[in-house]
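Below you'll find the structure, written out as structure tokens, and then a few comments.
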Amino acid sequence: MVFQSRWFLALLALGFLLLTPGGFEKQQAAEYKSTAASTEQSQPYITTSDVKVRSGPGTQYKVIAEIKNGTKVNVADSEGEWLKIVSKRGNPPGYIQERYARPTGEPSKKRVSFVQGSYIATDDAYVREGPGFHYKSLAKITKGMKVHVVDQEGDWLKVQSKHGNPPGYIEKKSAQRSPGN
């Protein structure tokens with residue numbers, strides 16, 4: 001009887017996760033949209049050496065693939081000395097070191113330069129410890145809230161707290177420059 005009730009509780013919890021608004025499905029959709037937006041802004045590069053593709057921007061991340069010298073790749077973003085590459089075949093994005101690739105042409109879509117200052121949240125968003133969905137949420141901001149942006153990392157804006165809390169990151173698409181700023 002104990003065994004059956006454990007299965008029931010496990011199934012109940014799984015059902016709750018899948019049906020809860022803002023649960024599992026919304027987070028997956030947000031991550032997919034973020035990747036799709038990156039693909040639209042990709043710039044063609046060519047590898048200058050055999051290179052390992054990692055799951056994140058650093059050697060501490062798992063190697064997920066290897067690319068041969070002379071391979072064309074689509075670079076969506078950069079984080080420090082790492083390039084975020086996206087697949088046209090639907091594979092998950094990965095990272096390669098910038099020194100192993102060079103641009104081959106013009107970006108497929110021009111990027112707007114970053115400007116530090118006051119922004120308005122265009123949607124509800126979570127402030128995260130770092131620039132990505134895998135970082136812990138620190139707080140939630142609501143649509144219309146004013147935030148002070150001090151830096152940009154890829155598709156993420158670094159926001160500074162007025163109350164002395166540590167800085168955090170929100171998705172760039174969740175905010176826009178304040179008028180008259």
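The values are calculated or read from the model by the stated rules, or taken from the named source; none is laboratory data. Keep in mind that this is a model prediction, so the values were computed, not measured. Counting neighbours? That spans all protein chains shown, and the Cβs are built from the backbone with ideal geometry, glycine included.
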inquiry  = Quick check on this structure: which one of 20, 122, 48 is over 18 Å from residue 155 (Cβ atoms) and modelled with pLDDT of 70 or more?
reply    = 48
ask   = Among all residue pairs at least 6 apart or on different chains, which show Cβ distances below 7 Å where the first residue, located in segment 113-133, is of a type in the set (D, E, K, R) and the second is part of a loop (DSSP other than H, G, I, E, B)?
value = 123/143; 124/142; 124/143; 128/135; 128/136; 129/135; 129/136
remark   = Going through segment 146-161 in order, the residues found to be surrounded by 15 or more Cβ atoms within 10 Å (Cβ to Cβ) and among the acidic types (Asp, Glu) are 153, 155
Failed item in (1) in a strand (DSSP E or B); (2) over 18 Å from the mean Cα position of the chain (by Cα); (3) modelled with pLDDT of 90 or more, with residue 64 passing the rest = (2)
message = For segment 74-97: of the residues being at pLDDT below 90 and in a strand (DSSP E or B), which is surrounded by the fewest Cβ atoms within 10 Å (Cβ to Cβ)?
response = 78
inquiry  = Against the conditions (1) surrounded by 14 or more Cβ atoms within 10 Å (Cβ to Cβ); (2) over 14 Å from residue 99 (Cα atoms); (3) modelled with pLDDT under 90, where does residue 55 fall short? Just the number, please.
reply    = (3)
request  = Would you check if there is a residue in segment 162-175 being more than 26 Å from residue 75 (Cβ to Cβ), surrounded by 11 or more Cβ atoms within 10 Å (Cβ to Cβ) and at pLDDT below 85?
outcome  = yes
